[in-house]
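Colleague: Supplied in structure tokens, the structure appears directly below.
The values are calculated or read from the model by the stated rules, or taken from the named source; none is laboratory data. Given the structure is predicted, the values throughout are model-derived calculations rather than measurements. Every residue, glycine among them, receives a Cβ derived from its backbone with ideal geometry; neighbour counts consider all protein chains shown.
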Amino acid sequence: MTKPDAKAETAPRPHAPVAEAELRVSDADREKVAELLRDAYAEGRLDADEHAERIEAAYAAKTFGDLVPLTRDLPARPLSFEKQPLDAPQATRPPQPPARQESPTVVAVFGGASRKGRWRVGSHLSAFAAFGGVEIDLTDAVFESPEVEITVTAIFGGVEVRVPENVSLQGSGVGIFGGFDVREQTAADPYAPVVRVKGLALFGGCEAKPRRGKKLKEWVRRQLGAD
């Protein structure tokens with residue numbers, strides 16, 4: 001009777017291949033799912049609570065098995081983590097113009113002033129309107145801070161503020177013989193930037209609200225390297 005080979009019994013066995021669901025995910029994989037969830041929320045497929053819960057789960061995911069269920073019940077745009085071959089043609093977007101560096105103060109006296117387009121926004125802005133009007137449009141701006149505070153002074157004039165629909169908007173202004181209207185909202189994404197509008201409208205007005213259909217693309221979470 002042949003005895004079993006002791007060396008064969010003690011030889012290490014090769015590792016079994018890891019299932020795709022058990023593979024670890026990267027930050028790029030989490031962002032891909034988060035973007036799908038933001039689109040589903042904007043389309044009304046998820047309510048605010050569902051979106052917030054899934055976004056939190058997406059950023060906490062460790063494996064593909066954690067991510068896939070978050071978009072399984074959403075139609076269109078099926079989620080795929082397959083890598084493209086190195087020789088496959090890559091879709092390219094036209095390069096965007098560099099963001100403008102602007103003064104943090106906007107002034108309009110007996111006239112008008114505006115800030116719009118692709119410009120760099122810091123943590124503080126000041127708008128002063130006297131017998132004139134100021135327009136501040138943040139929908140295409142590049143946010144350089146997770147919080148932006150806008151101080152408004154409107155005297156016999158008006159200030160209008162527009163923000164992307166996927167940021168938080170808060171207000172604490174005073175209207176005296178005028179109006180100070182801030183349409184507050186809380187973004188479902190916990191990493192979304194916050195815009196705070198405060199100040200005084202004397203015989204004038206201030207209006208701040210989200211612009212529907214405009215979303216912040218250069219997410220402040222990625223710019224700041226937050227986890």
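Rundown of residues vs (1) in contact with a strand residue (DSSP E or B) (Cβ under 7 Å, 6 or more places away or on another chain); (2) hydroxyl-bearing (Ser, Thr, Tyr); (3) touching a residue at least 40 places away in the same chain (Cβ under 8 Å), yes/no style:
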| site | (1), (2), (3) |
| --- | --- |
| Ala113 | yes, no, no |
| Ser126 | yes, yes, no |
| Ile150 | yes, no, yes |
| Ala154 | yes, no, yes |
| Val159 | yes, no, yes |
| Ser172 | yes, yes, no |
| Pro190 | no, no, yes |
| Pro193 | yes, no, yes |
| Glu207 | yes, no, yes |
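Colleague: Now for a different question. Looking at segment 122-134, is at least one residue under 20 Å from the mean Cα position of the chain (by Cα), part of a strand (DSSP E or B), at pLDDT below 95 and crowded, with 20+ Cβ neighbours inside 10 Å?
Modeller: No, segment 122-134 contains no residue that is under 20 Å from the mean Cα position of the chain (by Cα), part of a strand (DSSP E or B), at pLDDT below 95 and crowded, with 20+ Cβ neighbours inside 10 Å.
Colleague: Next question. Checking Glu20 against (1) modelled with pLDDT under 60; (2) over 30 Å from Gln185 (Cβ atoms); (3) in contact with a helix residue (DSSP H, G or I) (Cβ under 7 Å, 6 or more places away or on another chain), only one condition comes out false. Which one?
Modeller: Unmet for Glu20, out of (1) modelled with pLDDT under 60; (2) over 30 Å from Gln185 (Cβ atoms); (3) in contact with a helix residue (DSSP H, G or I) (Cβ under 7 Å, 6 or more places away or on another chain): (1).
Colleague: Kindly indicate whether any position in segment 96-114 is modelled with pLDDT of 90 or more, surrounded by 10 or more Cβ atoms within 10 Å (Cβ to Cβ) and either farther than 24 Å from Gly204 by Cβ or within 23 Å of the chain's Cα centre (by Cα) (or both).
Modeller: yes
Colleague: Residues in segment 46-77 that are at pLDDT 80 or above, surrounded by fewer than 17 Cβ atoms within 10 Å (Cβ to Cβ) and more than 19 Å from Glu20 (Cβ to Cβ): how many?
Modeller: 5
Yes/no matrix, rows are residues, columns are (1) closer than 16 Å to Ala187 by Cβ; (2) touching a residue at least 60 places away in the same chain (Cβ under 8 Å); (3) part of a helix (DSSP H, G or I):
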| position | (1), (2), (3) |
| --- | --- |
| Arg30 | no, no, yes |
| Asp39 | yes, no, yes |
| Leu46 | yes, no, no |
| Glu50 | yes, no, yes |
| Gly65 | no, no, yes |
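Colleague: Oh, and also: Considering only segment 52-63, state which residues are of a type outside the set (A, V, I, L, M) and part of a helix (DSSP H, G or I). Spell out the reasoning first.
Modeller: Of all residues in segment 52-63, those of a type outside the set (A, V, I, L, M) come to 53-54, 56, 59, 62-63.
Across segment 52-63, the qualifying residues are Glu53, Arg54, Glu56, Tyr59.
Colleague: So, of the residues in segment 189-227 that are in a loop (DSSP other than H, G, I, E, B) and acidic (Asp, Glu), which turns out to be modelled with the highest pLDDT? Don't jump to the end; show me each part of the working.
Modeller: Pass one, segment 189-227, residues in a loop (DSSP other than H, G, I, E, B): 189-193, 203-204, 212-219, 225-227.
Right, trim to acidic (Asp, Glu) and you get 189, 218, 227.
On the way: Asp189: 80, Glu218: 57, Asp227: 42.
Checking each candidate, the answer is Asp189.
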